[in-house]
1. Could you list all residues from segment 122-154 that are hydroxyl-bearing (Ser, Thr, Tyr) and either in contact (Cβ under 8 Å) with a residue 40 or more places away in the chain or in contact with a His (Cβ under 7 Å, 6 or more places away or on another chain) (or both)?
2. Kindly indicate which of 94, 115 is out of contact with any Phe, Trp or Tyr (no Cβ under 7 Å at 6 or more places or on another chain), surrounded by fewer than 19 Cβ atoms within 10 Å (Cβ to Cβ), without any contact (Cβ under 8 Å) to a residue 60 or more places away in the chain and under 26 Å from residue 213 (Cα atoms).
3. Restricting to segment 133-172, and then to whatever is within 30 Å of residue 196 (Cβ to Cβ) and among the small types (Gly, Ala, Ser), can you tell me which residue is surrounded by the fewest Cβ atoms within 10 Å (Cβ to Cβ)?
4. With respect to residue 351, is the statement that it is at pLDDT below 85, surrounded by 12 or more Cβ atoms within 10 Å (Cβ to Cβ) and not in a strand (DSSP E or B) true?
5. Quick check on residue 345: is it among the small types (Gly, Ala, Ser), more than 27 Å from the chain's Cα centre (by Cα) and at pLDDT below 80?
6. Between residues in segment 69-91 that are among the polar types (S, T, N, Q) and residues that are assigned to a loop (DSSP other than H, G, I, E, B), which pairs lie under 7 Å by C-beta distance while being six or more apart or on different chains?
7. Confirm whether residue 185 is of a type in the set (Ser, Thr, Tyr), over 18 Å from residue 79 (Cα atoms) and either in contact with a helix residue (DSSP H, G or I) (Cβ under 9 Å, 6 or more places away or on another chain) or modelled with pLDDT of 95 or more (or both).
Amino acid sequence: MSRYRRPVSHSFSQGMLYAAIGGALTLPAAVSAQEDPVRELPSIEVQGTGPIDGYQANEASSKKFTAPLLDTPRTVNVIPQELIKDRGASSLQDVLRTTPGITLGSGEGGTPQGDRPFIRGYEASTDIFIDGIRDYARGSHETFNLESVEVIKGPSSAYTGRGGTGGSINLVTKAPHLNNFFEGSAGYGIDSEYRITGDGNFAFTDSAAFRLNVMKMGGDMPGRDVVKFDRLGIAPSLAFGLGTPTRVTLSYSHIVNKDTPDWGIPFSNAANPDRIRPIKVDRDNFYGRKNVDFRENKFDTATAMLEHDLNDKFTVRNTTRYGKSLNHYLYTRPSFDNCSAGVGGSCAAEDGDLQFTRADRARYRKSESLVNQTDLFGSFQTGSLKHSVVMGFEFSKEEVSSKAVSGLPGGTLIHSGTLTLIVHIQPI
């Protein structure tokens, strides 16, 4: 076995050459630094105010999170109201569209059309909560009355209860407080598209306030013929005992969506299975049925929340909510079902004589729910340890009546109860 070694003389001479070049390059700078003293520039002082964390949220609204998000062993994305406004998001789908780990479905597999998020690949349309209480309605949620949207990723465990595998979504609504203000927004776009919102809060005593949020949106869908949308929302809320040990909040929300279902253009063609892009047609083409296809979505939600501070460490809260929703629609699913594998002609060429078929998709789904939730939360110390405790019990009743396109009626009555206990211990 032979080993090559560079001659010592060559290595030594090469190192001396590098040292000489480096010394020559640094010598003028050293001489110049000794001759010219360092000049001190005048200082500039800048003062200003602004958000320290920007869009960053440090805590979740749920009392079940007994520690800041940084110390919580869970991935939680909080989309605050400021970010929703700056992005111009008008629906829950708009909010979730750019949230990492979430994809959106569109009613595949017989699921009612509406908000259908998939968190880490698992469907979460039945894991949507409003102020910590499960939302049994199925439809499209609005943003005009939202303070923030909280996305919890991973199995829900004690945070949101049964069902959640990929995660859950909590919608935090706006509540009255002891500051007077009013703000509104208005926008107008092409194809007569418009949106108007208003948010006002009035404190009429030292401990009571009223808040009202309204929204009206409508117009045509830009770049699409026939497709229209019409939305209305109103959400009043009233609070008593603010700043006192006993607080009562009453709220109501009424949302109506009347949109034209739009399922785009036919895509799958068994006679041309290798095509991976939609066929090139005029974007304005509407392959549904004008003045026939429709979608009506209604939400009515009434909530009463009572909070009482037992002492300076523990608080008990009871929330009762009644909700009623309607999701009624008939839409067209265009397809190339008339083209089978191996068929030639226009089916294979996809020329101007290519024909498509219309399939009906319809549903009438009405739900009523009554939920009562009681929580006890607080913290205490034992020596050098701090204990954060959350205990709760929930009872819910839901009645669903639905009718699919086949005309077969269906109805279910569901009763459920949940008991929760969370204890978090940390050194002081």
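The values are calculated or read from the model by the stated rules, or taken from the named source; none is laboratory data. None of these values were measured; they are calculated from a predicted model. Don't worry about glycine lacking a Cβ; one is built from the backbone with ideal geometry, like all the others, and counts go over all protein chains shown.
1. Answer for segment 122-154, where residues must be hydroxyl-bearing (Ser, Thr, Tyr) and either in contact (Cβ under 8 Å) with a residue 40 or more places away in the chain or in contact with a His (Cβ under 7 Å, 6 or more places away or on another chain) (or both): 122, 136, 140, 143, 148.
2. 94
3. It comes out as 140.
4. Here the answer is no, as residue 351 does not meet what is asked.
5. No.
6. Going by the 7 Å Cβ cut-off, the qualifying pairs are 72/65; 75/154; 77/99; 90/143; 91/140; 91/141; 91/143.
7. In short, yes.
Listed here are the residues, each with its yes/no results for (1) in contact with a Cys (Cβ under 6 Å, 6 or more places away or on another chain); (2) in a loop (DSSP other than H, G, I, E, B); (3) on the phi > 0 side of the Ramachandran plot; (4) not acidic (Asp, Glu).
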site	(1), (2), (3), (4)
264	no, yes, yes, yes
269	yes, yes, no, yes
285	no, yes, no, yes
315	no, no, no, yes
